[in-house]
Amino acid sequence: MAYLIAPPVESILALDAALKVAPVQLAKWFGPPSETNYGGAYLAGTLPDVEAAARAFAAAVVDVARHPVAPERSVRAGVRYGGTSTRPGPGAGQFRVLATGERLALKPST
């Protein structure tokens, strides 16, 4: 489990990055403005996935703090701040089915 907290805007963008980079569960969300005017969440999952999500969260917070107005900031933040533990290996597909963990070479249609 990870407890992640940051200033309001940074927390939203960083939580987005953390949830996109690893198959973790959002156990509790503290939406800004909280009592401390911060935002954050509890994330649950396997240790490697939680660590990857925490690294992505921290990297996104630092990125937003360094470049508060960055038009090139990716909407798919998880790809940008990706952790190494959940990346596909050689020959594995780029896309992962969340329910089964299966890797796919092509993105499935809805």
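The values are calculated or read from the model by the stated rules, or taken from the named source; none is laboratory data. Keep in mind that this is a model prediction, so the values were computed, not measured. Here the Cβ positions follow ideal geometry from the backbone for every residue, glycine too, while neighbour counts run over all protein chains shown.
Assigned to a loop (DSSP other than H, G, I, E, B), surrounded by 12 or more Cβ atoms within 10 Å (Cβ to Cβ), modelled with pLDDT of 90 or more and within 16 Å of the chain's Cα centre (by Cα): does that describe Pro48?
When the stated conditions are applied, Pro48 does not pass them.
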| request: Evaluate the following for Tyr38: is it among the aromatic types (Phe, Trp, Tyr) and at pLDDT 95 or above? | output: no
| query | In region 1-19, how many residues are of a type outside the set (A, V, I, L, M) and either buried (at least 18 other Cβ atoms within 10 Å of the Cβ) or in contact (Cβ under 8 Å) with a residue 60 or more places away in the chain (or both)? | reply | 3
| message | Suppose we keep only residues that are in contact (Cβ under 8 Å) with a residue 40 or more places away in the chain and either β-branched (Val, Ile, Thr) or assigned to a strand (DSSP E or B) (or both) within region 20-45. Which one would you say is farthest from Thr100 (Cα to Cα)? | response | Tyr42
| said: Here is a check on your reading of the model: is Gly89 of a type in the set (Gly, Ala, Ser), in contact with a helix residue (DSSP H, G or I) (Cβ under 8 Å, 6 or more places away or on another chain) and modelled with pLDDT under 85? | reply: no
